[in-house]
Amino acid sequence: MRLLSTLPDGRINAKNLLVEISAREYLAIAKDILANNEFQRRRVRSSPTLYSLLKEDLLRGCVIPPIVLAFGGDGAADVQAGEEVTFIQSHARELLILDGLQRTSSMLDLETELLAKNDTDSLNKLYNHTLRLEVYIGINRLGVLYRMLTLNTGQTPMSLRQQVEILYLDYVRIPIGNIRLVREVEEAAIDEIGKYSFKAVIDGFNSYLERNELPIDRYDLLESVKSLEKLSKENEQANLFKDFIETYHLFVVKVNELSGGQVFSASSLPEDGHLLDDIARLSFLDISGQPFGVDARRIFSKEQAMAGFGAAISKLRDFEKVASFDDIKESITHIVAATTPADALASLLKRLEAIRLSSKKIGNAQRLYFHFYFRELFNPESDAYHDISLAADAAYRKYESQTM
Amino acid sequence: MAAQIFFEDVGTQQLTSVSFDPEAKAFALHAGLNGEYVCRISYSFLAFVDDKMEDGLVELFMHPTHAESDVRPVELSSVNKTVGWLCTIGALTSNQHEHADSPHFRRAAFMAIRLLLANGRYTRVPRLNHGAEITIADFYDDELSVLILHRPSIGTNISPACAEVLPSLHQYGFVPLGAPASARMEVGKVATDMFANLGKRICLFPISRDVNFEDFTSQVFRQLLPSAPTPLLRFFIYYQLIETLLARIFSDRQSATIMKMVPVKDNPVKIHPLIKKLQEDATEKKRMNLLFNNYCGTGTNMCDLLSASNELLKECGTDEKETVAEALYEVRNIIFHDLRRIPESAMLRLKVVVEQMEYVVPELLIKFRIPTATPELA
């Protein structure tokens, strides 16, 4: 690997390194990247014709456009001039491919194919091929996101949601204080305060970035441009994702404390699996279906609630009703319930059940309701400010006026 | 199979087949000349891969209030048993309704998705993006309603186009797909309330075999009514259906009268009242009375249509009528022959009349029976 030039990127406050590298060395790095981030393993299903064309071109020594990588971890800011290459080589597992995933996948496929055929000549041709890489270092995650979106505009598209998944997957491995993000496959293991589904949190954070509670995961150019506009408003120094989940967690802890672990049931018979102390706290909702969640923790660990929270907070920020996540954290300490907290949650569950019974798309309708709920709860100008009882009712009135 | 799928990198490709991959828990759509392009549609519920595709039948409808949680078993009056399901597209892959875990529903849902993917009448153009999870909602608007029928259970009672039960579904506000959004019929509250108050199942009643105008009624319910956005146009179309029944009544009575005339054709005293009877039967007003009173039974509650029609007549300065047949006939006269007499304010009343007809006219088609003994001639 050879450093060709270094340029500062003022927009995202990072360094852009242009390096030359052999295909052999790059493929070793690429395998590390893909092994480390499954979302980067999702592939565009390419046509056999295009694939064989690229394969032939590679073996004939064509120049491949630079592949763009980024290092989003800590430590890059201290890298001295002349140490960049060593730094990249020693942090290969933490790199992300911002642009060139398809080219990388095709090269890896070709390598596998040639190894299977034991075609040493062609393999050597491939390995000796020189590639150019652009590597961003000292970049924060929002900066990576910003560059991902700009680079992907007009190319094989990824939605903002997919890029957020790629970028924040490492939080599944590293706890954030008392918070643990759990992969979808282990969702049954979300059994205590502080554990959240990675998918649900990504949904919530994506809703924050999009200012929209709906699950938009289909790419279009307009979406990308809008996302860029929204991202450009964010403070690039802040660790927004961490702020987001920490604030939300604080809210869940607060409501859980207020409710005293109250457990809800649709009917008068306790459900199987309830512990004895749960049964002692059982409250009956008199609804026909299963409750949206049987207690505060389960209600607010669902993606509908997190998406509503994300969209609501971002809207309140845009309307300058709150300035930051710190404002929300402060607000959370003042949350009360005009009725009892248990009644407030019961009212929330009954509203959610009414929405389930009447809406054409239950998930989206519940997201919209939670969006209004959190808007009411954290808007200083709302009559339901800081009150989980009033917020449940006010949000439902707003939901009805929007949908009926 | 004419369905087309758009792939981001290779463009539009022709659909060749649909299969299910149990390991990947996904349907696989094969496209391209040799099925070389594959797109997977995730489906994590129970799969019934051994069921025969030809055993299923699906039809899509629009409905203004049909909710995702509202999944109903469908009964057919003529066979008196459950023959399928009515739900939204979203409900096929939802676990938010009471039948989500029912193996009977899951079997029907699996069949429905397979048929919907294979028939290619997609309401959305699926764009296959990098890494995006594809679901049935990428192909069909998940707010649409889908009627799933089990062919062996319905036997020959319903044709593949479901024409016989379109009026019954129309009564509850289900409109076949087809009309563009700008010219789509607006389903009235009467129909949506009827559906909401129906109970947990829906029973479909095929139109009477005595109607004998299946092609026309199918055309009306599948094409004409769904794309009739105004109450005036819909009144006209509904009344055309009434006219077909009136024609059947005339034909029935004419045959019966002629049969009576033949033996007395040389007897002027006896034939005269029969000729008079024939002339009376030619009047629409009389046949309207016969339709409501004799040919469609007396069980149907038409009070709301009577009062809605009388409200309209009052607004137009015409006397109220005693029976629904008389009132509707009078409304028809004003609309067909004297439209200028209807003040603008009365058009709202016409909307109410038409909302009632949305239920009543299909009811007439379902209950219509040629009596074994012709009324008044027996």
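The values are calculated or read from the model by the stated rules, or taken from the named source; none is laboratory data. The structure displayed is predicted, hence computed values, not measured ones. Neighbour counts are summed over all protein chains in view; Cβ atoms, including those assigned to glycine, are modelled from backbone coordinates with ideal geometry. What goes into the accessible areas is simple: the full protein's heavy atoms, side chains included, and nothing from ligands, DNA or RNA. Shrake-Rupley method; radii C 1.70, N 1.55, O 1.52, S 1.80 Å.
Details
- Under 5 Å, built H, 5+ apart or other chain: amide partners of B:Leu204: B:Glu75, B:Leu76, B:Ser77
- In a DSSP loop and with at most 16 other Cβ atoms within 10 Å, the trypsin sites (Lys or Arg not before Pro) in the range B:7-79 are B:Lys25, B:Lys52.
- Charged side chains reduced to their Cβ positions (Lys and Arg at +1, Asp and Glu at -1) give chain B a dipole of some 1180 debye around its Cα centre.
- Across the range A:86-100, computed HN-Hα scalar couplings (Karplus, 6.51 cos²θ - 1.76 cosθ + 1.60, θ = phi - 60°) run 4, 4, 4, 5, 7, 10, 4, 5, 9, 6, 10, 8, 8, 8, x Hz from first to last residue, x flagging Gly and Pro.
- Given A:Lys360/B:Lys367; B:Lys200/B:Lys314; A:Lys361/B:Lys189, the pairs whose alpha carbons are separated by over 29 Å: A:Lys360/B:Lys367; B:Lys200/B:Lys314
- The portion of the accessible surface of chain B made up by carbon and sulfur, rounded to a whole percent, is 52 (1.4 Å probe; DNA, RNA and ligands excluded).
- Think of each Lys and Arg Cβ as +1 and each Asp and Glu Cβ as -1; about the Cα centre, that makes the dipole of the protein assembly as shown roughly 1980 debye.
- Every helix of 4 or more DSSP H residues in the protein assembly as shown counts as -39500 (n - 2.57), and over all residues that averages to -14000 deg cm²/dmol at 222 nm.
- Table column - 3J(HN,Hα) (Hz), the range A:293-307, Karplus curve with 6.51, -1.76, 1.60, x for Gly and Pro: x, 8, 8, 4, 4, 6, 4, 8, 9, 7, 5, 4, 5, 5, 5
- For A:Ile176, the residues 5 or more places off, or on other chains, whose built amide H falls under 5 Å of its own are A:Leu181.
- For A:Asp9, residues with placed amide H under 5 Å, excluding near neighbours: A:Ala14, A:Lys15, A:Asn16
- Using the Karplus relation 6.51 cos²θ - 1.76 cosθ + 1.60 with θ = phi - 60°, the per-residue 3J(HN,Hα) values for the range A:395-401 come to 5, 5, 4, 5, 4, 4, 5 Hz, with x marking Gly and Pro.
- For the range A:323-404: rounded, prolate or oblate by the Cα gyration tensor [a/c cutoff 1.5]: prolate
- Averaging the Cα positions of each part gives two centres, and for the range B:307-378 and the range B:224-297 these lie 16 Å apart.
- Three-way shape label, the range A:303-363, alpha-carbon gyration tensor, a/c 1.5: oblate
- Given A:Lys117/B:Lys25; A:Lys15/A:Lys195; B:Lys276/B:Lys351; A:Lys350/A:Lys398; A:Lys254/A:Lys350, the pairs whose alpha carbons are separated by over 27 Å: A:Lys117/B:Lys25; A:Lys15/A:Lys195; B:Lys276/B:Lys351
- With an a/c value of 1.5 or above and a/b not larger than b/c for the gyration tensor axes a ≥ b ≥ c computed over the alpha-carbon atoms, the range B:158-239 is described as oblate.
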